[in-house]
Amino acid sequence: MATASHSTLTTSGILEPAATQPPTDYKPRYIDIGINLADPIFRGRYHGKSRHPDDLKGVVQRAQEVGCTKLVVTGSSFKSSRDALKIAGEFPGTVYTTAGIHPCSSSIFSKSHHRHHDESQSEGEEGGEAAAEEHTPACGPDPTKPILDGEGVDHARTETIISDLKTLIEEARTGSSPPSLVAFGEFGLDYDRLHYCSKEVQLHSFSAQLALAASLQPQLPLFLHSRAAHADFVRLLQEAFGPRLERLEKGGVVHSFTGTASEMHALMDLGLFIGINGCSFKTAENCEVVKEIELPRLMLETDGPWCEVRPSHEGWKYLIETPKPPPVSTSTLEPAPQPNGEGGGGEAAPLTKRQQGKKNQKKEPEVPERFKVVKKEKWEEGAMVKGRNEPCTIERIAKIVAGIKGISVDEVCEAAWTNTVKVFGVVEPQ
């Protein structure tokens, strides 16, 4: 079936073709650009303890059932990047990866860091072995006292870290055909969580990794992180790739975006894509920002196991499906009680058994669940675990974006699919 297309004028004044309109028989298809499948929680481990069997295969299967056939697993440290590559080997053609050092994992560049960078597992490593297996929630500031600047960076160690990261990337690019590594990252700046790494060290980490990313031949697309650090974030990108990022050959996405509308437009003007997940719908202001994202710059993600859409989020209302009341048959209506056998007023008649049964019926959920959801203590095969966000929930992200923009889910899906394939190349040419 032929499809229609049109062009969109971007904020930078460039006429850019929009995503092709989906055909009438279109089935939604998704690529989750940010899913942390390397986190131990997808193997049944919580805070360092095993709570249920490894159910990673079930997680991937549920994603495929909703049409999410491509998953890009985030690498945020040496360990998580290597673990992500192993998972890609388990699910060839479905799972792809990134490799980089998250700003909250960047303490490996500091003088005060005493463990080898290849052993540092995640942002939570300072809390001991259990914390090292548990990543920090990916959105929202933390009130913990920040680490102040002044600890200094270890330049000798930096050379080793960057050399090892380059080796990891080069080996991953030649280790499978087609390569499962599709982006450099996750890396960037996070000033909301300076309790994991000081601003001084984060800036050093980001700058050093940008230099490596620019030197790669061919370059990789960038998988970027920016929280409350827009000015420094853009400045370092421009220093590495030019004022218009003209030397950034493969583009990049700023994932899990929660910034302002002006920040978002500035990023789009630089040619970057915007990744949207549950954290992007928290407030009415967040939703207004999502409304202004141009479809040719949109990508979708879950950022599981975190960033699920919650009832407290402004975007939740777009998921609510109010069931229509069943038609009422006049033959089943009960006559109204009559005082003294005549008009209104008087005591109400007791409820009939039918009326009592309807009153006691369990209320249907406002937002239906596609899969059964259980607590981890009551894990069962085929069910989702409560509080553990999965890639199958990406259909909710698309539905909310569509509701905010007032367009069809199909348009959102096809635009995000087209954009992601263009940048990350996760679908082989036909």
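The values are calculated or read from the model by the stated rules, or taken from the named source; none is laboratory data. None of these values were measured; they are calculated from a predicted model. Cβ placement follows ideal geometry from the backbone for every residue including glycine, while neighbour counts extend to all protein chains displayed.
Side notes on the structure shown:
- A count restricted to the range 183-206 and to residues that are surrounded by fewer than 24 Cβ atoms within 10 Å (Cβ to Cβ) and either free of Cβ contacts under 8 Å to residues at least 24 places away in the same chain or of a type in the set (Phe, Trp, Tyr) (or both) stands at 1.
- Output for the range 216-228, where each listed residue is touching a residue at least 24 places away in the same chain (Cβ under 8 Å) and either of a type outside the set (A, V, I, L, M) or surrounded by fewer than 22 Cβ atoms within 10 Å (Cβ to Cβ) (or both): LEU216, PRO218, GLN219, PRO221, PHE223, HIS225, SER226, ARG227, ALA228
- Matching entry among PRO365, PRO337, PRO350, PRO325 (being at pLDDT 65 or above and not in a strand (DSSP E or B)): PRO325
- For the range 149-180, filtered to residues that are more than 16 Å from ILE108 (Cα to Cα) and at pLDDT below 95, the residue that is surrounded by the fewest Cβ atoms within 10 Å (Cβ to Cβ) is SER177.
- Inside the range 405-416, residues that are over 16 Å from VAL254 (Cα atoms) and buried (at least 20 other Cβ atoms within 10 Å of the Cβ) make up a count of 5.
- Test: ARG388 is among the charged types (D, E, K, R), more than 19 Å from ARG29 (Cβ to Cβ), surrounded by 17 or more Cβ atoms within 10 Å (Cβ to Cβ) and in contact (Cβ under 8 Å) with a residue 12 or more places away in the chain: yes
- Count - residues of the range 268-282 that are within 18 Å of the chain's Cα centre (by Cα) and not β-branched (Val, Ile, Thr): 9
- Restricting attention to the range 283-300 and to residues that are in contact (Cβ under 8 Å) with a residue 40 or more places away in the chain and not hydrophobic (A, V, I, L, M, F, W, C), the residue that is farthest from GLU314 (Cα to Cα) turns out to be PRO296.
- Matching residues, the range 184-242, being under 24 Å from ILE276 (Cα atoms) and of a type in the set (Val, Ile, Thr): VAL234
- Among the residues listed as VAL73, VAL60, VAL66, the single one being touching a residue at least 12 places away in the same chain (Cβ under 8 Å), under 25 Å from HIS117 (Cα atoms) and crowded, with 18+ Cβ neighbours inside 10 Å: VAL73
- Taking the range 1-100 and the strands (runs of 3 or more DSSP E) fully enclosed by it, the elements with 2 or more residues that are at pLDDT below 95 and touching a strand residue (DSSP E or B) at 6+ places or on another chain (Cβ under 7 Å) are at 7-9, 15-17.
- Residue in the range 377-388 that is modelled with pLDDT of 60 or more, more than 30 Å from PRO92 (Cα to Cα) and either of a type outside the set (A, V, I, L, M) or not in a helix (DSSP H, G or I) (or both) present: yes
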